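Asker: Take a look at this one; I'll ask things after.
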Amino acid sequence: MTDEDHLDADGDLGFAPAVVDSAGADTAGADTAGADTAVASTAGRTAPRRRAGLRRRVTSLAVLVGALTVVGGGYAMLAPTSGADDTVSSQDVEAGRQLYINSCVTCHGANLEGVAGRGPTLVGTGSADVYFQVSTGRMPAPTQGALELRKVPKFTEQEILQLGAFVQSKGGGPQVPAADANLRAGSEALGEGGELFRLNCASCHGATGHGAPLSAGKIAPDLYRATDRQLWTAMLVGPENMPVFSNNQLTPEQKRAIIAYVENLKTTKDPGGAGLGRIGPVAEGLLIWTAGLGVLMVSILWIGARL
Ligand code: HEC
Ligand code: HEC
């Protein structure tokens, strides 16, 4: 019964001619074999079975092709929202190779294998990591062992993407989202974004995203200068001791919500705390304490003078 259903589906999918053709060839084969009646009868019995088998195979192939088309189509529809940059050409990879040889090879090696005491391997770091490191000016590192801090980038956006394309072509890895990818949710996601930010980011970057010192001389920088794409790639690759937030840990939807929230923090005039230059709660407390003490001293002197 399901065979019949599939046959109908075949017809709809335009596979019917193929089935008829090959089945016809099959029958013709059976006819030739049928010179002897005994053989003919065996052929007569096997042919329909073979036809049914073939039909089933063609049908499952059709179903598979259909399913792949649907999945592929669905993916293509969803991909542009968070997918990788697919505008990369082989010229980009070649241009990236040149840039890499000029600026990165001494520390990361001719085959991205890394250089002992200079830089780690870049195999598998992907274009997302290259985008994060180079667009925030952390790479190329100026000197060995210096704290990699945000600086003015040395390369144009296009060159950064070319560098990324080269590294990507060598070992895969997380990819930088396309320039037109939708990386920021609308204001309706601010609540969710705030919740996720407090859970996943605030412990290091502060409740208002102003950044904070971590242990061992590390710094979680403020998030006010990071672009959407930098926020996205930072989450994907987890630089230094920042955790990696893969798309399993934080779905693309959740990443978009977090970015919406961070963007909101940037633009909000007063994201919390007293407006004292965002020097942090301890410093703010000290300031208030000192000012309070001053007032107290003045009052004591005033009372003393009156007595
Ligand atoms: C002076 C040496 C030096 C140069 C030049 C340099 N890097 Fe690096 N790179 C490092 C070191 C050291 C690290 C690891 C420290 C860190 O992650 O902050 C690193 C880390 C990286 C990472 C992160 C790797 C990881 O495991 O997450 C990427 C990506 C990267 N570099 C890309 C580049 C690119 C692209 C260039 C050229 C434009 C470049 N680097 C030039 C020394 C260098
Ligand atoms: C365990 C601490 C930690 C947590 C949690 C953390 N980060 Fe980070 N983050 C860091 C550190 C450390 C750096 C600096 C890395 C470097 O300089 O290589 C950083 C850097 C960044 C940067 C680069 C900023 C710039 O201007 O260059 C962005 C963006 C960022 N983090 C976003 C996030 C977001 C979003 C979350 C939450 C989803 C998060 N981080 C969670 C520690 C953390």
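The numbers here are math on the coordinates, done by the rules we state, and not lab data. The shown structure was predicted, so the numbers you read here are calculated from the model rather than taken from an experiment. Methodologically, a virtual Cβ is constructed for each residue, glycine included, from the backbone with ideal geometry; neighbour enumeration extends over all protein chains shown.
Asker: Please compute the length gained on full extension between residue 251 and residue 141, using 0.36 nm multiplied by the number of residues separating them and subtracting their Cα-Cα distance. Intermediate values should be presented prior to the final figure.
Answerer: On the way: separation 110, 0.36 × 110 = 39.60 nm, distance 3.13 nm.
Between residue 251 and residue 141, full extension yields 36.5 nm more.
Asker: While we're here: Report the Stokes-Einstein translational diffusion coefficient (µm² s⁻¹, integer) for the range 90-171, Rh taken as the Kirkwood radius over Cα pairs, at 10 °C with viscosity 1.306 mPa s.
Answerer: Result for D is 128 µm²/s.
Asker: Let me ask you something else. Among the listed pairs 154/218; 170/218; 218/266, which are separated by more than 25 Å between their Cα atoms?
Answerer: 170/218
Asker: Under the rule a/c < 1.5 gives rounded, and otherwise a/b versus b/c splits prolate from oblate, where does the range 187-281 land using the Cα gyration tensor?
Answerer: Oblate, since a/c reaches 1.5 and b/c is not below a/b.
Asker: Full extension from residue 198 to residue 150: what is 0.36 nm times the residue separation minus their Cα-Cα distance, to one decimal in nm?
Answerer: Extra length from residue 198 to residue 150 when fully extended: 15.0 nm.
Asker: Moving on to the next point. Taking the highest mean first, how do the peptides 257-264, 193-200, 120-127, 161-168 order by number of other beta carbon atoms within 10 angstrom per residue?
Answerer: On the way: 257-264: 23.0, 193-200: 17.6, 120-127: 19.9, 161-168: 27.5.
Output ranking for 257-264, 193-200, 120-127, 161-168: 161-168, 257-264, 120-127, 193-200.
Asker: Here's another thing I want to ask about it. Let me spell out the model: positive unit charges on the Cβ of Lys and Arg, negative unit charges on the Cβ of Asp and Glu, origin at the Cα centre of the range 217-265. What dipole size does that give, in debye rounded to 20? Please list the in-between numbers first.
Answerer: On the way: 5 positive and 5 negative charges, 12 e Å.
That gives a dipole near 60 debye.
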